[in-house]
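Asker: To start, I am sharing the structure in question, which I have written as structure tokens.
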Amino acid sequence: MNDDFEDIQFRPIFNYPYARWFSDGQYNGRTPDEAERAEIISIIDENVASYLEGVPLIVNTLNRSKELHDDSHELYKVILSAMLFVIQTMTDAMVVSKYFILADNDYDKRLMRGKLAVILNEGFKKLYGFENKTITNSVWTKTIIQHFPKEINLQYFELTTLLERHAKSSSWWKDERNIETHLDAEKLYLSRCEKLIEGKVLLDSLKLLDALNAVYHFLGNMHSCFLNTLTYKYLKGELPEE
């Protein structure tokens, strides 16, 4: 049996340059041309399909683990739940961005801009938060980092610093989110009438998408570390073979 274990590969833990996902891009005044729009839509379609491919497995695993409350399953559920949130929010933001690009009616485009603002605000509020209350209840804070080795902890604290700075970098479309969700007709009308700059709207969407992408890669490291630990325990005979 020991010969069989020689082929078992532990998953690598990557030292990602997380700061690259938090650089504040400045709008350069350009409007995407038709070729650029087509390329963006193609990239969105490809990314959405890729991200959603693993969602059924995550959901099925979470459902099977609902009644399992040992430490390992509780930890795994936290990781998978965070991954599900990140994937769902990223794909929703990308799809709304796609239909913002595709809209050829002026009001349609303004409507999609408003709905994207809601996702940008609510998405980051749920991911990390803006003040003590939302930070305490965020997906990021609920991550059980104390069960992981130093390498993962150092990445976590690096990302926490970046997310904290990101949270304070702007108002995160709070006013637009409130107008869109509270359906105040007069304010909604005035908001729809604000100057629409397509390139800037798309750049704004990256503020959330890039942050989610950074967290997604970190969660991938957590997932790999968790599976590596299970594999190690199994090889030592500390886990049942079933």
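Asker: Which numbered condition trips up Phe130, out of (1) open to solvent by less than 50 Å² (accessible area, probe 1.4 Å); (2) among the aromatic types (Phe, Trp, Tyr); (3) part of a loop (DSSP other than H, G, I, E, B)?
Answerer: So the condition that Phe130 fails would be (1).
Asker: When you check Leu163 against the structure, is it open to solvent by less than 80 Å² (accessible area, probe 1.4 Å), modelled with pLDDT of 95 or more, within 17 Å of Arg20 (Cα to Cα) and not aromatic (Phe, Trp, Tyr), yes or no?
Answerer: yes
Asker: Only one of (1) under 22 Å from the mean Cα position of the chain (by Cα); (2) of a type in the set (Ser, Thr, Tyr); (3) over 30 Å from Thr229 (Cα atoms); (4) in a helix (DSSP H, G or I) fails for Ser169. Which number is that?
Answerer: Status for Ser169: all satisfied but (4).
Asker: Could you tell me which of the residues Ile119, Ile87, Ile79 is crowded, with 16+ Cβ neighbours inside 10 Å and within 28 Å of Lys187 (Cα to Cα)?
Answerer: When all the criteria are applied, what remains is Ile119.
Asker: From Thr229, Thr181, grab the single residue that is among the hydroxyl-bearing types (Ser, Thr, Tyr) and either closer than 22 Å to Phe148 by Cα or at pLDDT below 95 (or both).
Answerer: Thr229
Asker: For the stretch 129-144, state whether one or more residues are within 30 Å of Val201 (Cβ to Cβ), at pLDDT 95 or above and charged (D, E, K, R).
Answerer: Checked against the condition, which is being within 30 Å of Val201 (Cβ to Cβ), at pLDDT 95 or above and charged (D, E, K, R), the stretch 129-144 yields no hits at all.
Asker: Same structure again: Go through the stretch 18-62 and give me each residue that's loosely packed, with under 10 Cβ neighbours inside 10 Å and either touching a strand residue (DSSP E or B) at 6+ places or on another chain (Cβ under 9 Å) or among the hydrophobic types (A, V, I, L, M, F, W, C) (or both).
Answerer: Ala35
Asker: Give all pairs with beta carbons closer than 6 Å in which a residue from the stretch 139-150 that is of a type outside the set (Gly, Ala, Ser) meets a residue that is in a loop (DSSP other than H, G, I, E, B); count only pairs at least 6 apart in sequence or on separate chains.
Answerer: Trp140/Tyr128
The values are calculated or read from the model by the stated rules, or taken from the named source; none is laboratory data. Since the model is a prediction, treat every value here as computed from it, not as a measurement. With ideal geometry, Cβ positions are generated from the backbone for all residues, glycine too; neighbour counts draw on all protein chains shown. Accessible surface is based on the protein model in full, side chains and every heavy atom, while ligands, DNA and RNA are left aside. Shrake-Rupley method; radii C 1.70, N 1.55, O 1.52, S 1.80 Å.
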